[in-house]
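Nothing in this text is a laboratory measurement; each read-out follows from the coordinates by a stated rule. Computed from a prediction, not measured in an experiment: that's the story for all the values here. In this analysis, Cβ positions are derived from the backbone assuming ideal geometry, glycine residues included, and neighbour counts consider all displayed protein chains.
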Amino acid sequence: MPDTTAQPNIIIMYADDLGFGDIGCYGATTIPTPNVDRLAAEGVKFQQGYATAATCTPSRYSLLTGSYPWRNEKARILTGDAPLIIPPTAQTLPSLLKQAGYKTAIVGKWHLGLGEGGLDWNERIPLTPLDVGFDRSFIMAATNDRVPCVYIHGRRVDGLDPTDPIEVTYDRNKPFPGLPTGREHPELLTMKYSHGHDMSIVNGVSRIGYMRGGTAALWKDEEMAEVFLDKAISFVSEHRDEPFFLYYAFHQPHVPRIPGKRFAGTTGLGPRGDVIAEMDWCVGEMMGALDRLGVSENTIVLFSSDNGPVLDDGYEDGAVELCGDHRPAGPLRGGKYSMFDGGTRVPFMLRWTGTVDPGESSAIVSHVDFVAAFASLVGVPLDPDAAPDSLDVLSALLGRTENGRHELVTEGTQARIVLRQGNWVFIPPHDGPPISNTTGIETGNLPETQLYDLSLDIGQIRNVAAEHGEMVHKMSVRLRAIRAGDRTRPAGVATQKPNKAS
Ligand code: NG6
Ligand code: CA
């Protein structure tokens, strides 16, 4: 039972584009994920755990701020040179834990912007994770398919040789003269692109954006898993004797999928399966480290994913051809980018050995709730204007009740928002293709209103809008009100001292 002095360590392990059906404990049979499966078996496994968005930046924005992403128009997939989109004054998940005395760190994918615009990558970076609540930061700026392909340690590019400065641009009209691109020199590529990703070539792979210089600092994709794991374990070891918070944000299974030698070719599903197996190994290594350090019982471990799955996300890596019977989104419709549940319903589990009873939960919970729930756990009051959409669902997260959220807003790409109430899902009419011609994923765009009853129809096959006019009306009015500015966290919630979870 958490008492008023509960200060367990907290680790959030966050996969990138891992689907609801991609791991064993959620039904996958072809990709071995013994470590994540063990984590689930030792904790609470959520059947209705959600990201707020079907893409990365907005989803991570919510996790750290407790705000729905569409409230900030900058919370869309960012380029690698975009400015920081979280105001340094905001109360965030790491900053509130810091208020409670935690040491805080991020290791892995960031994708929430750096600096103030016009960043010089060779200088001290003015705005980084260190300015929104993290004591330590070892990150990639954006995604593994976007330049700059370097690690950033604190405020500096890691391993940069000052005599070989880095330049970065996302201006399509300004490729660096004389430097080969994927589009002009496909013969130089070790993995071909299928759409986009035809600009600078780094490590044999063409990326989004142009960069030159910084040769000594360039990452090697096949080593990235171990590089991040090493940093993550060092942080935990160094802070074993004080409360710590680690946001360990994997790059897997985002494109380009390039596993280390140990996992290449191990799954039969091609690189996408192999990097999921590799990510699972990282989870196991971290769990082993917690055991060795003797902190497993005093550490909450959360595992989830920033958005749903995609097979062809821009490289010819065999993900489509080798998928076989594997269903990355499990029984759900759509995937990454989609307004359907496959976009945002993700693997979601919490282990707190000795405190939380193992089991399954059908409570509806969202990453946006971590701010209020953990504020409540550690007894830090939330600022009145902080985390406008974060609900204190701590009891549900700890598996003590099935009462999670009644209402939830999620979004597909382009901030197209969807309302869930109870088991009803309401998707407003939208222009645009019903199926993406690049990824082949159903977007959720349809000229008519859609209403689904998930209690009978988890696959969102039967649109019952015509039979439930009143529900459609009620939900469209509510969605408009929320969009127009209604905050969804009742004022005053999560400002009281904890203990109510017990
Ligand atoms: C898209 C990229 C995709 C991926 C995504 C971001 C193209 C054609 N597609 O624009 O490959 O990088 O952005 O993914 O460039 S996310 O998980 O970080 O949101
Ligand atoms: Ca993602």
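Projecting the Cα atoms of S234, T438, A82 onto the charge dipole of the chain (Cβ charges, centred on the Cα centre) puts A82 farthest toward the positive pole. Beyond 25 Å in Cα-Cα separation lie the following of the pairs K103/K336; K336/K474; K45/K336; K109/K220; K192/K336: K103/K336; K336/K474. Fewest neighbouring Cβ atoms within 10 Å first, the residues M279, M471 line up as M471, M279.
Summing Lys and Arg as +1 and Asp and Glu as -1 over all other residues whose Cβ lies under 12 Å from the Cβ of Y14 gives a net charge of -1.
Of the residues L130, L218, G330, the one whose Cα sits farthest toward the positive end of the charge dipole of the chain, with +1 on the Cβ of Lys and Arg and -1 on the Cβ of Asp and Glu, is L130. Among the GluC sites (Glu not before Pro) in segment 397-437, none is located in a DSSP loop while being surrounded by at most 11 other Cβ atoms within 10 Å of its own Cβ. Counted by neighbouring Cβ atoms within 10 Å, the residues D486, D453 run from fewest to most as D486, D453. Placing +1 on the Cβ of every Lys and Arg and -1 on the Cβ of every Asp and Glu, with nothing else charged, gives the chain a dipole about its Cα centre of roughly 860 debye. For segment 101-227, the spread of Cα coordinates along the three principal axes comes to 53, 28, 26 Å, biggest extent given first. Computed about its Cα centre, the charge dipole of segment 269-370 is approximately 300 debye, with only Lys, Arg, Asp and Glu carrying charge at their Cβ. Across segment 240-256, coupling constants 3J(HN,Hα) worked out from phi with the 6.51/-1.76/1.60 Karplus curve, θ = phi - 60°, read 4, 9, 9, x, 10, 10, 10, 9, 9, 9, 5, 8, 8, x, 5, 6, x Hz, and Gly and Pro carry x. Counting beta carbons within 10 Å around each of C56, C323 and listing the fewest first gives the order C323, C56. P(r) tail for the chain: Cα pairs beyond 42 Å make up 12% of the total.
Scanning residues 5 or more positions from T443 or on other chains, those with amide H under 5 Å from its amide H are I435, S436, with H placed 1.01 Å from N in the peptide plane. Across segment 195-204, computed HN-Hα scalar couplings (Karplus, 6.51 cos²θ - 1.76 cosθ + 1.60, θ = phi - 60°) run 8, x, 6, 10, 9, 4, 9, 10, 6, x Hz from first to last residue, x flagging Gly and Pro.
Under the membrane-span-like helix rule (DSSP H runs whose alpha carbons stretch at least 15 Å along the helix axis, mean Kyte-Doolittle hydropathy 0.0 or higher), the chain yields 224-238, 271-293.
One compactness figure for segment 350-414 is 1.20, namely its Cα radius of gyration divided by 2.2 N^0.38 Å. Dipole of the chain (Lys/Arg Cβ +1, Asp/Glu Cβ -1, origin at the Cα centre): which of G265, H111, M191 lies farthest to the positive side? Sorting the options by dipole projection puts first H111.
The alpha carbon radius of gyration of segment 409-483, expressed as a multiple of 2.2 N^0.38 Å, is 1.07. Look at where the Cα atoms of segment 163-241 and of segment 27-53 average out, and the two centres are 30 Å apart. Put simply, the C-alpha atoms of segment 287-405 give a gyration tensor, and the ellipsoid matching it has half-axes of 30, 20, 14 Å, longest first.
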